[in-house]
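Here the structure comes first, spelled out in structure tokens, and everything after it is commentary.
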Amino acid sequence: MVTPFEKRILEERQRMRESLESLQARVENFASGDKSKEVLRKTLQYESTGHLDFALFPCPPVIDHGKGATLYDVDGKAYIDLHAGFTVNVLGYAQQEINEAIKAQMDKVIQFAELPMESRAELARLLVENTAGDFEKKVMWAVTGGEAVEIAMKLARWYTGKPLIVTHWGDYHGRTAGAMGLTSKAFMMAYSYPIPPMDTAIVKIPFPYCYRCPFGKEYPSCDLFCADQFEKMFESKETWLNNPKAKVVNVAAILIEPFQSSAGYLIAPLPYLKRMKEIAERYDFLFISDEVQSGMGRTGKLWAIDHAGVAADLITAAKSLANGLPLSVVIGRQEIMDSWGPGAHSSTFTAYPAACAGGVKLFEIFERDHILDHVTEKGAYFLDGLLDLQRRHPSLGHVNGLGLYLSIELVKDRQTKEPAAEATGWALRRLLEEGVICIYSGYYYNRLCIAPPLVIQKEEINRALQILDRVLGEMEKRYEIH
Ligand SMILES: Cc1ncc(COP(=O)(O)O)c(C=O)c1O
């Protein structure tokens, strides 16, 4: 006999997944051609349905090769890439100089776990010397973004001797056991049932998502009410954070995404970030900026937090460090980085030499080709184009962007701001059909996020905007958004 508890769990799990048959139907209905179908059928036959591909796209494109900011699938269809593999491919595809640097390192030695090498020492120097902050810095290497976050959490607790990490609703910091506790996605929690995220010393506060302020305020007349609320938590002994009588603060760090990426490319007001740093200084805990997605030049400065004029105690970075090879890092104050001893953290593929060689070349190109200036200029141009679309399309509730980190939020009605989630999913599929790859996200599944390789050209931006214009028009007609 099935108990009510068992019935509920089974029903919940059913709602959380799609059947293999429905994924197969998507392939047959939407794949771009026969070769794509063949690969996708094989994928569904041999790979778990737990991967992200079919969650991101109704039918994922099967990429064969790319050049600059354009990708080609196995059927020869071209796509303007407004995704960059979640910001990994910063300098675009088939970047020969980086590929040569990677190959040269591969020909010398591919990997020897954790031993010092010239390429990693040089990349450490470049990261340290290019990171803001009037203090000595060092780096610690890892492989994935999630692992860099784990190191930052461990290090913050080790250094301060305190347990709590503060983060925001909507933050994404990875899916490893510790980082998952910081990540707010409800579906991830469900996938770990019956064991919840293991790290319980975590406090989540609302993110300044000003278009839909959790406190019902308007920015800037709110005068950062949300930051005041956070600070108020230190006044009482009943919030975990602080024991005012004994003058004991329990917080090791605030670990935040300065701009929330996986939650829809939401740009926090810069004064808010400054206030968070001031509060961290006042109560003596660390400020950690997770730049795994927003960093490495994407916003027009090396790190997103640089826009706020804040020097973080620790920065986590990954994805884009080596234009496609796995590499991650924590950059931080020397006294924190040197507070633990040899072997405190390790992983076999840490500081993968070929990735470090690619990273060194990437820095060289950033400087030589003035990549950050290009990002600022192209980003402003793209943002102007999106604001122009907003004047003509009633579904465009919110537009924000800094550098080539842009997003739009689609609503059924600009007055009520009712999210147009289904329409957004439909638009995403049409964009793919029309040859534009981007992703959708958002607290309400209604934001389209734009993060092309930083070398995208104006002609590609123009073409993407034209296609977006057409697709939004079709979508508004279909979903009766006036
Ligand atoms: C801000 C941020 N932190 C951490 C991670 C986790 O990185 P990884 O997927 O390499 O573990 C991500 C991944 O999207 C991210 O966007």
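Each reported figure results from applying straightforward, stated rules to the coordinates on display, with no laboratory input. Bear in mind the structure is a predicted one, so any value in this text is a computation, not a measurement. Virtual Cβ from ideal backbone geometry, glycine too; neighbours counted across all protein chains shown.
Over the alpha carbons of the stretch 364-448, what is the largest minus smallest coordinate on each principal axis, giving the biggest first in Å?
Sorted largest first, the three principal extents are 46, 27, 23 Å.
By per-residue mean of other Cβ atoms within 10 Å, what is the highest-first order of 190-203, 79-92, 424-437, 239-252?
Order by mean packing, descending: 79-92, 424-437, 239-252, 190-203.
Under a no-solvent Debye model with one identical scatterer per Cα of the stretch 96-368, what's log10 I(q)/I(0) at q = 0.14 Å⁻¹?
Normalising to I(0) and taking log10 leaves -0.99.
Along the Cα→Cβ direction, 7 angstrom out, place labels at Phe135 and Glu480. What is the inter-label distance in nm?
Simple spin-label model gives 5.9 nm for this pair.
Would you work out the charge dipole size for the chain about its Cα centre, treating the Cβ of every Lys and Arg as +1 and the Cβ of every Asp and Glu as -1, and quote it to the nearest 20 debye?
The calculated dipole for the chain is roughly 900 debye.
For the ranges 406-416, 4-14, what's the packing order if you count other beta-carbon atoms within 10 Å of each residue, average per peptide, and put the highest first?
Ranking the peptides 406-416, 4-14 by packing returns 406-416, 4-14.
If I take R0 = 35 Å and measure r between the Cβ atoms of Arg463 and Lys185 in this structure, what FRET efficiency does the formula 1/(1 + (r/R0)^6) give, to the nearest 0.05? Don't skip to the answer; put the middle values down first.
On the way: r = 33 Å, r/R0 = 0.93.
So, using R0 = 35 Å, E works out to roughly 0.60.
Averaged across orientations, what area in nm² does the convex hull of the alpha carbons in the stretch 101-144 project?
Values: hull surface 15.9 nm².
Across all orientations, the stretch 101-144 yields a mean hull projection of 4.0 nm².
Compute the distribution of all C-alpha to C-alpha distances in the stretch 213-307, in bins of 10 Å from 0, and list the percent of pairs in each, rounded to whole numbers.
Bin by bin from 0 Å, the calculated values are 15, 41, 34, 9, 1.
Could you calculate the FRET efficiency of Asp284 with Ala177 from 1/(1 + (r/R0)^6), where r is the beta carbon distance between them and R0 is 35 Å, rounded to 0.05?
Efficiency at R0 = 35 Å is approximately 0.80.
What does the highest-first list of 130-140, 293-303 look like by mean Cβ count within 10 Å? Could the numbers behind the result be given before it?
Numbers: 130-140: 15.6, 293-303: 25.5.
Ranked from most to least packed, the peptides come out as 293-303, 130-140.
Residue separation times 0.36 nm, minus the C-alpha to C-alpha distance between Tyr72 and Glu367: what's the value?
Net length gain for the segment: 103.3 nm.
Once fully extended, how much extra length lies between Glu18 and Met1, figured as 0.36 nm per residue of separation less the alpha-carbon to alpha-carbon distance?
Length gained between Glu18 and Met1: 3.6 nm.
Label points 7 Å out from Cα along the Cβ direction at Val248 and Ile110: separation in nm?
5.2
With the dipole of the chain worked out from charges on the C-beta (+1 for Lys and Arg, -1 for Asp and Glu) around the Cα centre, which of Met140, Ala304, His482 lies farthest toward the positive end?
Farthest towards the positive end: His482.
Based on the Cα atoms of the chain, what semi-axes does the equivalent ellipsoid have, where each is the square root of 5 times one gyration tensor eigenvalue, given in whole Å with the largest first?
The answer is 34, 29, 24 Å, longest axis first.
If the label point is 7 Å along Cα→Cβ of Glu38, which residues in the stretch 61-79 have backbone nitrogen under 17 Å from it?
From the stretch 61-79, the list is 62-65, 73-77.
The stretch 155-262: Rg/Rh from Cα coordinates, Kirkwood Rh?
Rg/Rh for the stretch 155-262 comes to 0.99.
What does the C-alpha gyration tensor say about the overall shape of the stretch 1-121? Classify as rounded when a/c is under 1.5, otherwise prolate if a/b is larger than b/c, or oblate.
Oblate, because a/c is 1.5 or more while a/b does not exceed b/c.
Two decimals, Cα atoms only, Kirkwood Rh: what is Rg/Rh over the stretch 274-351?
Radius of gyration over Kirkwood radius for the stretch 274-351 works out to 1.01.
Given the Cα-Cα distance of Glu422 and His345 and 0.36 nm per residue of separation, how much length would full extension add, in nm?
The Glu422-His345 span can extend by a further 23.3 nm.
In debye to the nearest 20, how big a dipole does the stretch 96-368 give about its Cα centre with +1 on each Lys and Arg Cβ and -1 on each Asp and Glu Cβ?
540
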